[in-house]
Amino acid sequence: MTIVRTPLVVGNWKMNGAFGANQSLLENLLRGLVQKRLPEIGVCPPFPYIAQVGALLANTPIVWGAQTVSEHRAGAYTGQVSAPMLKELGCTYVIVGHSERRQYCAETDDAVARQAVAVLDSGLMPIICVGESADEEATGQTLAVIDRQLAPVLLALAGVADEGTTVVIAYEPVWAIGTGKTPTPEGVQAVHAHIRKRLDAAGLVQTRILYGGSVKGSNAELLFALPDVDGGLIGGAALDAQDFSTICTAAANRMV
Ligand code: PEP
């Protein structure tokens, strides 16, 4: 079987946006992407803006998604949003297990796995985030933390995954998010190779592994040239049309 992993760049807008600002950001981004060779590109705005973003991006090369999801399909879960609702909004991707959700909303490894299954069950693609904290990195626990976070996900996928199942893993060292710090390229590659080994063993050989954490236009080329980095999950730089467009171009260079 030929393994083709189309590079993917996804912007996580976090809790940022406003109707006017979203429109100019996307218009500028679409202008910046014209005639360029493109990877797969997605943006994940806050829930209230998904419909607007979907309308602005219809019939463009950019798809859209959400930043989190309920593990439940429907019912008495005040404030939650289900995967079938996101499907109706035309989403392609749903980020699950972002470190900010784990930290501020106490989402556990098991809950993240259940969310990933809920996303798949609705025909959407989960982007499952894993990554170690600064303390865990400093004490040499990175790979153990990744294994602990991946284990329930791989177990859950074993029940539902088939050859066509598409999930994405995002390696995001918590200490690199929004800080301007990144691991060395060797450090990134080592963790991605470790994740690749786990995915291969689970039969998920087509799975793309994104790197996230202070990716900018200035370092994207270097990071995306690494053998097991299939693109990026981008926070701050996704709010800057020019920077995000440069990052997308860097990911597209993996295709040549
Ligand atoms: C993120 O929040 O997923 C992220 C990678 O943020 P930043 O690019 O700002 O570090």
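Among complete DSSP H helices in the chain, those whose alpha-carbon atoms stretch at least 15 Å along the helix's long axis and whose mean Kyte-Doolittle hydropathy reaches -0.5 are 19-33, 109-121, 142-160, 241-252. Remark: relative contact order (the chain) = 23 percent; criterion is Cα-Cα distance under 8 angstrom and separation of 6 or more residues. Positive-end ranking of Asn59, Ala111, Ala170 along the dipole of the chain, with charges on Cβ about the Cα centre, is headed by Asn59.
Restricting attention to the chain, lysine pairs at least eight places apart or on different chains and with alpha-carbon atoms under 19 angstrom apart total 4. Quick one: grab the alpha carbon gyration tensor of region 5-49, order the square roots of its eigenvalues as a ≥ b ≥ c, and give me rounded if a/c is under 1.5, else prolate or oblate depending on whether a/b is larger than b/c. Oblate, since a/c reaches 1.5 and b/c is not below a/b. A Cβ-based charge dipole, computed about the Cα centre of region 43-237 with Lys and Arg at +1 and Asp and Glu at -1, lands at about 320 debye. Modelled this way, with points 7 Å down the Cα-to-C-beta line, the labels at Thr2 and Arg148 are 4.2 nm from one another.
Taking neighbour Cβ counts within 10 Å as the exposure measure, how do Arg31, Arg208, Arg148 sort from fewest upward?
Arg31, Arg148, Arg208
Put in order of Cβ neighbour count within 10 Å, fewest first, the listed residues Thr207, Thr246, Thr166, Thr139 become Thr139, Thr166, Thr246, Thr207.
Packing, as the average of other Cβ atoms within 10 Å across residues, places the peptides 17-26, 3-12, 110-119 in the order 110-119, 3-12, 17-26, highest first.
One chain, two ends: Ala190 and Gln35. Fully extended at 0.36 nm per residue, the span grows by 52.4 nm beyond their Cα-Cα distance.
Based on C-alpha pairs under 8 angstrom that are at least 6 apart in sequence, region 29-76 has a relative contact order of 38 percent.
Fewest neighbouring Cβ atoms within 10 Å first, the residues Cys248, Cys129, Cys105 line up as Cys105, Cys129, Cys248.
In whole angstrom, how far apart do the alpha carbon centroids of region 173-195 and region 10-55 sit? Centre-to-centre distance over Cα atoms comes out at 25 Å. Assuming charge only on the beta carbon of Lys and Arg (+1) and of Asp and Glu (-1), the dipole of region 57-130 about its Cα centre is about 120 debye to the nearest 20. Mean residue ellipticity at 222 nm, helices only, the chain: -12500 deg cm²/dmol; runs of at least 4 DSSP H residues each add -39,500 (n - 2.57), and the sum is divided by the number of residues.
No value in this document is a laboratory result; all are computed from the given coordinates. All of these numbers come straight from a predicted model, not from anything done at the bench. Cβ atoms come from the backbone with ideal geometry, glycine included; neighbour counts cover every protein chain shown.
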